[in-house]
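Please read the structure below before turning to the comments.
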Amino acid sequence: MPGTSYLTATDAEGIRQAKRDALATSIALRGAVSVVLSRYDESAGAAVSLSPQMVLVTFANRESSETSNLGATATYRDGTFRKEVPFDVAVGDVFRLSNGQRGSVTGVALPDANIQAATFSLDVGTR
């Protein structure tokens with residue numbers, strides 16, 4: 001029947017807990033990465049760095065994309081940051097990884113089971 005739910009509140013909480021456990025397991029196996037996001041602040045007239053946040057980083061399982069302009073080609077790799085809320089992240093935030101690669105946040109999803117996800121594009125080189 002339309003509108004009928006077969007999940008109880010206990011079932012729904014069990015699913016949310018399983019998602020949180022899966023994130024914790026992934027972090028334990030892969031390790032979390034400290035990321036410092038920067039965001040433009042109109043009152044300061046410049047980008048302001050936010051506090052470091054420990055996140056799980058995953059990369060998309062597809063080829064890097066390339067963008068050409070004025071004879072130079074930049075290569076980008078897409079990925080996702082995941083963290084339990086609160087996660088201070090917004091579209092347009094920029095970051096730099098410990099290896100010097102720079103990237104920007106391209107999307108932020110609504111939290112699901114208290115887990116926030118943000119997609120990013122990482123500049124992996126210019127030639």
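The values are calculated or read from the model by the stated rules, or taken from the named source; none is laboratory data. What you see is a predicted model, and the numbers here were worked out from it, not measured in a lab. Every residue, glycine as well, gets a Cβ built from its backbone with ideal geometry; the counts of neighbours run over all protein chains shown. Heads up: the accessible areas ignore ligands, DNA and RNA and are worked out on the full protein's heavy atoms, side chains in. Shrake-Rupley method; radii C 1.70, N 1.55, O 1.52, S 1.80 Å.
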Calculate the FRET efficiency for Thr8 and Met54 from the Cβ-Cβ distance with a Förster distance of 41 Å, rounded to the nearest 0.05. 0.75
Enter the accessible area of Val124 (Å², nearest 10), with the probe set to 1.4 Å and all protein chains included. 60
Asn114-Leu97 pseudo-label distance in nm [points 7 Å out on the Cα-to-Cβ vector]: 2.9
